[in-house]
Amino acid sequence: MDNTKRYERLRERYMNGGLDRRSFLGLIGAAGLAYGVRTPFAREALAATDKVRFDGWGGVVSEAFRKYAFEPYTAETGINVVDGTFGGGDEYLSRVKASQPGEYNIAHLSGVFDYARYHNLGFSSVLNEANIPNLQYVIPKLVDVFRGVTDGKLSCVPYDYGTTGLAYNRKYVSDEEMQEKGAKILIDEKLKGKIGGWGDWRTRIWMGALQTGQDPNGVTDMDAVWDAIRQHRDLALKYWGSGAELMSLLAEEEIYVTEGWSGRIYALQEQGHDIGYMDPPNGYGWQECLFVIKGSPMEACEELLNFMLAPETSIAVAEGQNYPPALDPNKVELGSKIPTLPAFDPKGTLAGLTFADPGYWNGNEQEWSKTFGRIQKGY
């Protein structure tokens, strides 16, 4: 029996409950040391990195990551995943800017524009892709857009995708009305006090562009967009700040309509709430990545990324968080649930989704985020 088979059998016994964690790690470590081999499961025995920090979006997303990825990964490697959360990308970036090198390791970033922001600020790393063989299963288009930002190299691996569409309570708003009004439902006077929205400047501008009939990646009349944002502000009950708050507001019927994240709305539907969801033309599509921040323990991070991209892990996480995985459906059988998720593309081309142009949005960030901040405060 060669070493690989020996390790696989030990791992199988451990996963089936035939070995406790201490015995498993001891046997793997002892076997590797005896043969002069640095095995992938002998981190504790070889006194290597003992923890990696991961920061994500909280709620059902973090629950899925913890249950289907982090806990099994720790069981296999002995490396603990310190699991942090954040409510928005700007909030997390502020933490990273104020941190010491190595304090933050892997971030669940949203959009290529976030990836470009971190790279331009000097936070990007360079992954050794030889340590991440499961990258071969990822949709090529998702990988290529990140390579374009960092001169062909990668500081992240794509992990999932989804949309920010329109969510509505069917007790109060019909499917037909949604099809007729689209994003304008969020500035409908008759729903005053029952409208919600995410307090994120990009999302507010994107929805304002749709409400004024403009291309979100090429707005020609920003004054009209700001007016639509003010109108929404005055009609809304509140801006929500997290996916958990979004779900609570809809479930408790505090609001009837809002834009929302596709996976969170699917979770509400699974819970039995009669919440509809639609992606209007030019709706907000996004892809998320697992970004490794400069100064992190690279080999441990690469091992975690590879573990998370393994089809069995990635599919389990996708089914738990309700966002399609970045895995290519032409290469991997994704099971029965994932094809039913909002935004899923069975062809793996993502041609039906509209993504934010990173150069356009990052180039306007300073001015637009400042103006939205003033509007948010009532100006």
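The values are calculated or read from the model by the stated rules, or taken from the named source; none is laboratory data. Bear in mind the structure is a predicted one, so any value in this text is a computation, not a measurement. Methodologically, a virtual Cβ is constructed for each residue, glycine included, from the backbone with ideal geometry; neighbour enumeration extends over all protein chains shown. Heavy atoms of the whole protein, side chains included, go into the accessibility calculation; ligands, DNA and RNA do not. Shrake-Rupley method; radii C 1.70, N 1.55, O 1.52, S 1.80 Å.
General remarks:
- Total residues in the range 321-341, condition modelled with pLDDT under 95 and open to solvent by 30 Å² or more (accessible area, probe 1.4 Å): 0
- Out of 104, 115, 159, sole residue that is part of a loop (DSSP other than H, G, I, E, B) and either among the hydroxyl-bearing types (Ser, Thr, Tyr) or under 26 Å from residue 245 (Cβ atoms) (or both): 104
- First in the range 240-257 and more than 13 Å from residue 166 (Cα to Cα) and modelled with pLDDT under 95, second anywhere and in a helix (DSSP H, G or I) and not hydrophobic (A, V, I, L, M, F, W, C), Cβ under 7 Å, 6 or more apart: 242/59; 243/59; 243/264; 244/59
- Scanning the range 175-221 for residues that are open to solvent by 10 Å² or more (accessible area, probe 1.4 Å), closer than 23 Å to residue 247 by Cβ and not in a helix (DSSP H, G or I) gives 188, 192, 193, 194, 198, 199, 200.
- Top-ranked residue in the range 54-90 [being outside any helix (DSSP H, G or I) and of a type in the set (Val, Ile, Thr); ranked as nearest to the chain's Cα centre (by Cα)]: 85
- Condition met for residue 149 (buried (at least 17 other Cβ atoms within 10 Å of the Cβ), β-branched (Val, Ile, Thr) and assigned to a helix (DSSP H, G or I)): no
Residues are listed down the side, and each one gets a yes or a no for (1) of a type in the set (Lys, Arg); (2) surrounded by fewer than 20 Cβ atoms within 10 Å (Cβ to Cβ); (3) modelled with pLDDT under 95:
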position: 275; (1), (2), (3): no, no, no
position: 278; (1), (2), (3): no, yes, no
position: 286; (1), (2), (3): no, no, yes
position: 294; (1), (2), (3): yes, yes, no
position: 303; (1), (2), (3): no, no, yes
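- Within the option set 76, 91, 71, being acidic (Asp, Glu) and in contact with a Lys or Arg (Cβ under 9 Å, 6 or more places away or on another chain) holds for one residue only, 76.
- Here residue 132 clears all of (1) aliphatic (A, V, I, L, M); (2) within 15 Å of residue 365 (Cβ to Cβ); (3) at pLDDT 95 or above except the condition numbered (2).
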